[in-house]
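**Q** Pasting a structure here, questions to come.
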Amino acid sequence: MSPVADVRSHGDVCTNIDVHKVRADFPILGREVHGFPLVYLDNAATTQKPQAVIDAISHYYAFDNANIHRGVHLLSESATDAYEAARRTVQGFLNAEDRSEIIFVRGATEAINLVAQTYGRVHVGAGDEIVISAMEHHSNIVPWQMLCEEKGARLRIAPINDQGELLLSEFEGLLTSKTKLVAIAHVSNALGSVNPVAQIIQMAHSRNVPVLVDGAQAVPHLTIDVRALDCDFYVFSAHKIYGPTGVGVLYGKRDLLEAMPPYQGGGDMIRSVTFEKTIYNQLPYKFEAGTPHIAGGIGLGTALDYLTGIGLDAVLAHEQYLLSYGTAALQSIPGLRLIGTAKDKAGVLSFVIEGIHPHDIGTILDRQGIAIRTGHHCAQPVMQRFGIPATARASLAMYNTTEEVDALVAGIYKLKEVFA
């Protein structure tokens, strides 16, 4: 029985995904690892790339390779058109009001740092507070720590419960007249928990507090509408959503971006330069100093077009079925404990096994061709919250199948035999 037929036979929301056809679009999924077919379950770290994205990047380098924006020759104009078309694709994908609100950066990490070093430096002072949650990735902790140390401000942490869910009442209690910014993960990379960001934004805005949403783990799985959410900033990385590494997006409301000082100085972020004065460029270029990752931006646009063509609703239905299937399968294994059991989750299955270190789990599974992630997942405070040093994490994508979940379960039983 095919994975799609399997979904339908269990009465879940019908999807139109032909998983085997989708898998054929990803060349790497056909390779073997240690003599076994690759079972790739490390999608929260990075997703694989469809042939369409690989071809778009290759085409740029083979036929359009040139610097953008200032050239008058054909190659430069072609490259500029492709790069700016990708920006419009991102705008549509997020439902941003204007293309100037889409800033290309190296990834979600740089996007958060950009906001911390521009908006944060202007608006956060001694005695002020920034509120984050206990489930944040280090990228949404360290930049705010650095800013607080520099400014004499305080970082406040909203706690989570034993299921890995944000305690909303505790979060709301942290919002005071001292709060200058909320920075919150849309989806936890270590737990899979989906935060109620719309409600969080409403709570913060009722106190005139702006909100940055870290969407790195959300964009591959959920439909994102930044205008409906009314978030002030939204960030994500291309490589989490079937695009290339080294490129990402900062969305910001235009009035906020206009008022923020530049993040870096150099070419393309200027309108004119003399030794006496520099006039900065208009949005979005004010924040895009230097030659960008042109091929990466083009690849990101292609990845979003590819995902949109399949349909995010269909992707979500398939991934939610796999998550339910995988949760039940893993919970049936003696000695295995899932870390992160929120009611609202994306496709992350973090677990520990009694008597076996997560690194050993990952190493032995790899010898069976199964790729998962082990460690603290750049979320050490999460590990501390649950009293563990690390987890093994299997994370799902639209091209995964129930057969691959079964292979993971079988692999775990084999590794348990090793440690018996």
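The values are calculated or read from the model by the stated rules, or taken from the named source; none is laboratory data. Computed from a prediction, not measured in an experiment: that's the story for all the values here. Heads up, the Cβs are rebuilt from the backbone with ideal geometry, glycines too, and the neighbour counts pull from every protein chain shown.
**Q** Restricting attention to the range 217-246, which residues are assigned to a loop (DSSP other than H, G, I, E, B), in contact with a Gly (Cβ under 8 Å, 6 or more places away or on another chain) and of a type in the set (Gly, Ala, Ser)?
**A** GLY243, GLY246, listed by residue number.
**Q** Moving on. Could you tell me whether ASP42 is modelled with pLDDT of 95 or more, surrounded by 13 or more Cβ atoms within 10 Å (Cβ to Cβ) and over 21 Å from THR308 (Cα atoms)? Lay out the reasoning, then the answer.
**A** Numbers: modelled with pLDDT of 95 or more: yes; surrounded by 13 or more Cβ atoms within 10 Å (Cβ to Cβ): yes; over 21 Å from THR308 (Cα atoms): yes.
Considered against the rule, which asks whether it is modelled with pLDDT of 95 or more, surrounded by 13 or more Cβ atoms within 10 Å (Cβ to Cβ) and over 21 Å from THR308 (Cα atoms), ASP42 comes out as yes.
**Q** If you take the residues of the range 230-253 that are in contact with a Pro (Cβ under 7 Å, 6 or more places away or on another chain) and touching a residue at least 60 places away in the same chain (Cβ under 8 Å), which of them is nearest to PHE287 (Cα to Cα)?
**A** The qualifying residue nearest to PHE287 (Cα to Cα) is ALA238.
**Q** A follow-up question, please. Among the residues that make up the range 165-182, is at least one of them touching an Asp or Glu at 6+ places or on another chain (Cβ under 6 Å) and among the small types (Gly, Ala, Ser)?
**A** Going through the range 165-182, the residues touching an Asp or Glu at 6+ places or on another chain (Cβ under 6 Å) turn out to be 178-180.
With among the small types (Gly, Ala, Ser) added as a condition, the list becomes none.
Scanning the range 165-182, I find no residue that is touching an Asp or Glu at 6+ places or on another chain (Cβ under 6 Å) and among the small types (Gly, Ala, Ser), so the answer is no.
**Q** Going by the structure shown, is GLY296 under 25 Å from PHE236 (Cβ atoms), assigned to a loop (DSSP other than H, G, I, E, B) and modelled with pLDDT of 95 or more?
**A** Working: under 25 Å from PHE236 (Cβ atoms): yes; assigned to a loop (DSSP other than H, G, I, E, B): no; modelled with pLDDT of 95 or more: yes.
For GLY296, the condition - under 25 Å from PHE236 (Cβ atoms), assigned to a loop (DSSP other than H, G, I, E, B) and modelled with pLDDT of 95 or more - is not met.
**Q** Still on this structure, I have one more. Here are some conditions: (1) farther than 23 Å from LYS240 by Cβ; (2) of a type in the set (S, T, N, Q); (3) in a helix (DSSP H, G or I). THR327 meets all but one. Which one does it not meet?
**A** Result: THR327 passes all but (1).
**Q** Mind telling me which of the residues VAL131, VAL142, VAL211 ends up being more than 18 Å from the chain's Cα centre (by Cα) and either within 15 Å of ALA379 (Cβ to Cβ) or among the hydrophobic types (A, V, I, L, M, F, W, C) (or both)? Step through it out loud before you land on a result.
**A** Numbers: VAL142 fails: more than 18 Å from the chain's Cα centre (by Cα); VAL211 fails: more than 18 Å from the chain's Cα centre (by Cα).
The unique qualifying residue is VAL131.
**Q** Sticking with this structure for a sec: Out of the range 241-254, which residues are closer than 23 Å to GLN117 by Cβ and crowded, with 24+ Cβ neighbours inside 10 Å?
**A** Once the filter is applied, which keeps residues that are closer than 23 Å to GLN117 by Cβ and crowded, with 24+ Cβ neighbours inside 10 Å, the range 241-254 yields VAL247, GLY248, VAL249, LEU250, TYR251, GLY252.
**Q** From the list GLU417, GLU404, which residue is farther than 28 Å from LEU307 by Cβ and among the acidic types (Asp, Glu)?
**A** GLU417
**Q** Output yes when any residue across the range 374-382 is closer than 20 Å to VAL39 by Cα and either without any contact (Cβ under 8 Å) to a residue 12 or more places away in the chain or touching a Gly at 6+ places or on another chain (Cβ under 7 Å) (or both), and no when none is.
**A** Within the range 374-382, one or more residues are closer than 20 Å to VAL39 by Cα and either without any contact (Cβ under 8 Å) to a residue 12 or more places away in the chain or touching a Gly at 6+ places or on another chain (Cβ under 7 Å) (or both).
**Q** Look through LEU191, LEU181 and report the one residue that is at pLDDT 95 or above, more than 26 Å from ARG337 (Cα to Cα) and not hydroxyl-bearing (Ser, Thr, Tyr).
**A** Values: LEU191 fails: more than 26 Å from ARG337 (Cα to Cα).
Only one candidate qualifies: LEU181.
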